[in-house]
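Structure, as C-alpha cells:
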Amino acid sequence: MSWLSRLFGGRSEQELKPQRLDYLNEALALERSGDYEAAITSYRLALREKPDDTRALQNMAIALTRVNRFEEAIKCYRQALKVKPALSGPHYGLAFLHLRRGEREVAIEHLEAFLAAPPASGEPERWIEHARETLTSLKAPDGADVRPDDLPAPGQ
C-alpha cells in the first residue's frame, strides 16, 4: 500500500492482519491477579489452539484446584501426563488431589513418581522436601488419617 493511500485513510497490510492473542500469558497474568475463573477461560482458549500444551494443562489444573474444581484438575493433570509421561509436576498435583479424596495408595504412587524424577528447575528443593515429608507421613504406621490440610505447605 502506498504512502499516499495510507495518508488518505488506508491501512497497511500489517495493520490489517489480526493479532494472535497469547492466551497462556494472559491466563498467567490473570492468575497472578487472583482471577482464577478468568484464567481458566484463557487456559481453555490456549488449549483450543494447542491441545497438547502441557504447560497450559498443568497451570489450568492448578487454577482449577484453587477454585475447588478437583475432578477437572485431575483430568488436566492426567492429560498432561498422556502428552508427556516424564513430567513430574502432574504427579505432585495428582498426589495431593488423590490424598484429598482419601486415596492414600494412589497418592503414594504419584509422590513416588514425582520423587523418582523431580523437576530440575524452579526452586525444586521445597517441593521435593514437601513430597518427601508427605510420603514419610503416609507410610508411617499412624499416617492412615493424613489429610492435605494436616501437612505443612511447601517451604514451611
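The values are calculated or read from the model by the stated rules, or taken from the named source; none is laboratory data. Since this is a predicted model, take the numbers as computed values, not measurements. Glycine gets a Cβ as well: all are built from the backbone with ideal geometry, and neighbour counts include every protein chain shown.
So, Leu28, is that one modelled with pLDDT under 95 and exposed (fewer than 13 other Cβ atoms within 10 Å of the Cβ) or not? Taking the combined requirement at face value, the residue does not satisfy it.
Among the residues that make up region 87-99, is at least one of them assigned to a loop (DSSP other than H, G, I, E, B) and under 25 Å from Asn25 (Cα atoms)?
yes
Evaluation of Ile40 against the conditions (1) at pLDDT 95 or above; (2) among the hydrophobic types (A, V, I, L, M, F, W, C); (3) in the same structural domain as Pro141 (by TED's automatic domain parsing) shows that the sole unmet condition is (3). Residues of region 33-86 being of a type in the set (Gly, Ala, Ser) and not in a helix (DSSP H, G or I), which ones? Ser33, Gly34, Ala86 - these are the residues of region 33-86 that are of a type in the set (Gly, Ala, Ser) and not in a helix (DSSP H, G or I). Cβ separations smaller than 9 Å between residues 6+ apart or across chains give the following pairs from region 128-156 residues that are under 19 Å from Leu97 (Cβ atoms) and among the acidic types (Asp, Glu) to residues that are at pLDDT 85 or above and assigned to a helix (DSSP H, G or I): Asp149/Arg100; Asp150/Ser137.
Restricting attention to region 59-96, the residues that are without any contact (Cβ under 8 Å) to a residue 40 or more places away in the chain and out of contact with any Phe, Trp or Tyr (no Cβ under 7 Å at 6 or more places or on another chain) total 24.
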